[in-house]
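Asks: Questions regarding the structure given below will be posed in turn.
The values are calculated or read from the model by the stated rules, or taken from the named source; none is laboratory data. From a predicted model like this one, the values you see are computed outputs, not experimental measurements. Reconstructed Cβ throughout: ideal geometry from the backbone, glycine too, with neighbour counts over all protein chains shown.
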C-alpha cells in the first residue's frame, strides 16, 4: 500500500509516522533478509542516519542480498561522514561517492526483490536530523505502483552511474582512496553545532526513570543501572553512536557525552547514551549520579540541554513549579502508555522561560 508522511508526527495517510518508520516497513517488517538489493541514495549522510538499520543491512548481506549506496562528497563541505561510509562498507555495501558539491540533491530509498521494486521518495537525507526532527515529507510507492509506472531500481542506478560525474568507490582496505578525502569526520575536535541543534529536550519522567533515584541505599530498589528512557526518535540529539556492544546477543550502539548535573553541581564526562538497535529501539540516557538523591519523582520534568557536540546540562523541575507549568506545553509527544511525554525547545526559549544561564564548557 502506498503512503505519505510528513514528520515529525505532522501528517500521515497510513500507519507510518515518518521517514524512519516507512524505511522500517520496507527494509525490516516487509522484507526478507537476503532477498534482492537494498538501495540508499542521499546527498548527505551521517552515522546516526543509518544506526537503526546497520544490523538489518548486515543480516541482509549475510544471507546473500546486495546493498548499494550513493552519497555526495566534498573537500570543502560537510556532506557525508567517514563514519557512515565506513559502517556501510562494513555492512557489505557497494558505496559510491559523487565528488561535486551540492550536485546530488536526490533522496530516495527502497528495495528491488523478486516481488518487485519499492521506492521511497523523500526530502529526508540519510542523517539523524533527516530521520527525526527535521520536517520532512516522504512518499512510499509499492511494487504494484512502480511496476505500473515502469520504474526500475536497476535502470535508475545504471543511468545514475553512467553520468559524467566524478565518482569514487571507497574500500575499507584502501585508506588512501581519494573518496576518503571527500568525507568529513563526525568526531573531529572542531565540530560545532548548527543553530538548529542548540535545543533542550524535555522529558516528563516515569516511575521507571526515578525508582532508583528515590531508593534507600542498600535496598533492592536501588539495584541495576540508573538511566532515563528517551524517545525512539533521538537520532539527531546525540553525537554519533559508534560504540557497538561487544557482549550480549542483541546489538546496541552507544556514545559518551559530558553531562553537567546542575542541581548536583557534578559533571560526568563518561555519561553513556545507548540505542537498543535489536531490542525495543529505545534510547537510554545514563544518569547514575542521580541515584539515591531523591531529586526527581515520577511526573517531574527533566530538561537536557545540548550546548556542544558532546556537552550537555541536565536540570530537574518538580511538578507544580512555575517553570514546570511553563515548559510542559512543549512536551507534546507521548512515549508508551504510562503518561510519559517529551518534546524540544530551543535553548534561547528555554533560557527565557526559566531564567537559566548556561555554563558553557569546551
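Asks: Take the conditions within 29 Å of residue 20 (Cα to Cα), part of a strand (DSSP E or B) and within 25 Å of the chain's Cα centre (by Cα) and apply them to residue 237. Does it pass?
Replies: Considered against the rule, which asks whether it is within 29 Å of residue 20 (Cα to Cα), part of a strand (DSSP E or B) and within 25 Å of the chain's Cα centre (by Cα), residue 237 comes out as no.
Asks: Further question: Return the residue satisfying two criteria in turn: it lies in segment 26-38 and is within 19 Å of residue 126 (Cβ to Cβ) and over 19 Å from the mean Cα position of the chain (by Cα), and of such residues it is surrounded by the most Cβ atoms within 10 Å (Cβ to Cβ).
Replies: Checking each candidate, the answer is 38.
Asks: Across segment 88-106, which residue is surrounded by the most Cβ atoms within 10 Å (Cβ to Cβ) among those that are touching a residue at least 60 places away in the same chain (Cβ under 8 Å) and in a helix (DSSP H, G or I)? Let's see the steps before the verdict.
Replies: Here is the first cut: in segment 88-106, the ones touching a residue at least 60 places away in the same chain (Cβ under 8 Å) are 89-90, 94-100, 103-106.
So of that shortlist, the ones also in a helix (DSSP H, G or I) come out as 89-90.
Numbers: 89: 18, 90: 13.
Taking the candidates together, the pick is 89.
Asks: Restricting to segment 246-277, name every residue that is exposed (fewer than 14 other Cβ atoms within 10 Å of the Cβ) and either within 15 Å of the chain's Cα centre (by Cα) or more than 28 Å from residue 294 (Cα to Cα) (or both).
Replies: Across segment 246-277, the qualifying residues are 246, 247, 248, 249, 250.
Asks: Sort out which residues of segment 303-331 are more than 23 Å from the chain's Cα centre (by Cα) and either in contact (Cβ under 8 Å) with a residue 60 or more places away in the chain or not assigned by TED's automatic domain parsing to the domain that holds residue 260 (or both), and write them in order of number.
Replies: 327, 328
Asks: Return yes or no: is residue 165 surrounded by 13 or more Cβ atoms within 10 Å (Cβ to Cβ), in contact with a strand residue (DSSP E or B) (Cβ under 6 Å, 6 or more places away or on another chain) and farther than 18 Å from residue 310 by Cβ?
Replies: When the stated conditions are applied, residue 165 passes them.
Asks: If residue 334 satisfies every condition in (1) within 23 Å of the chain's Cα centre (by Cα); (2) surrounded by fewer than 19 Cβ atoms within 10 Å (Cβ to Cβ); (3) within 23 Å of residue 255 (Cβ to Cβ) but one, which is the exception?
Replies: With respect to (1) within 23 Å of the chain's Cα centre (by Cα); (2) surrounded by fewer than 19 Cβ atoms within 10 Å (Cβ to Cβ); (3) within 23 Å of residue 255 (Cβ to Cβ), residue 334 is out only on (3).
Asks: Then there is this: Go through segment 142-180 and give me each residue that's farther than 24 Å from residue 86 by Cβ and in a loop (DSSP other than H, G, I, E, B). Break it down into steps so the answer makes sense when it comes.
Replies: In the first step, residues of segment 142-180 are kept if they are farther than 24 Å from residue 86 by Cβ; the result is 142-156, 158-159, 162-164.
Once the filter is applied, which keeps residues that are farther than 24 Å from residue 86 by Cβ and in a loop (DSSP other than H, G, I, E, B), segment 142-180 yields 142, 150, 151, 152, 162, 163, 164.
Asks: Could I ask something else about it? Can you name the residue in segment 107-141 that is touching a strand residue (DSSP E or B) at 6+ places or on another chain (Cβ under 6 Å) and part of a loop (DSSP other than H, G, I, E, B) and, of all such residues, is surrounded by the fewest Cβ atoms within 10 Å (Cβ to Cβ)?
Replies: 123
Asks: Between 156, 182, which is under 15 Å from residue 73 (Cβ atoms) and either out of contact with any strand residue (DSSP E or B) (no Cβ under 7 Å at 6 or more places or on another chain) or surrounded by 14 or more Cβ atoms within 10 Å (Cβ to Cβ) (or both)?
Replies: Answer to the selection: 182.
Here's the yes/no breakdown for (1) in the same structural domain as residue 241 (by TED's automatic domain parsing); (2) modelled with pLDDT of 95 or more; (3) over 19 Å from residue 233 (Cα atoms):
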residue: 120; (1), (2), (3): no, yes, yes
residue: 127; (1), (2), (3): no, yes, no
residue: 132; (1), (2), (3): no, no, no
residue: 146; (1), (2), (3): no, yes, yes
residue: 149; (1), (2), (3): no, yes, yes
residue: 153; (1), (2), (3): no, yes, yes
residue: 158; (1), (2), (3): no, yes, yes
residue: 164; (1), (2), (3): no, no, yes
residue: 169; (1), (2), (3): no, yes, yes
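Asks: Just to be sure, is residue 197 touching a residue at least 12 places away in the same chain (Cβ under 8 Å), over 21 Å from residue 56 (Cβ atoms), in contact with a strand residue (DSSP E or B) (Cβ under 7 Å, 6 or more places away or on another chain) and surrounded by fewer than 20 Cβ atoms within 10 Å (Cβ to Cβ)?
Replies: When the stated conditions are applied, residue 197 passes them.
Asks: When you go through (1) modelled with pLDDT of 95 or more; (2) more than 26 Å from residue 266 (Cβ to Cβ); (3) part of a strand (DSSP E or B) one by one for residue 314, which number turns out not to apply?
Replies: If we test residue 314 against (1) modelled with pLDDT of 95 or more; (2) more than 26 Å from residue 266 (Cβ to Cβ); (3) part of a strand (DSSP E or B), just (2) comes out false.
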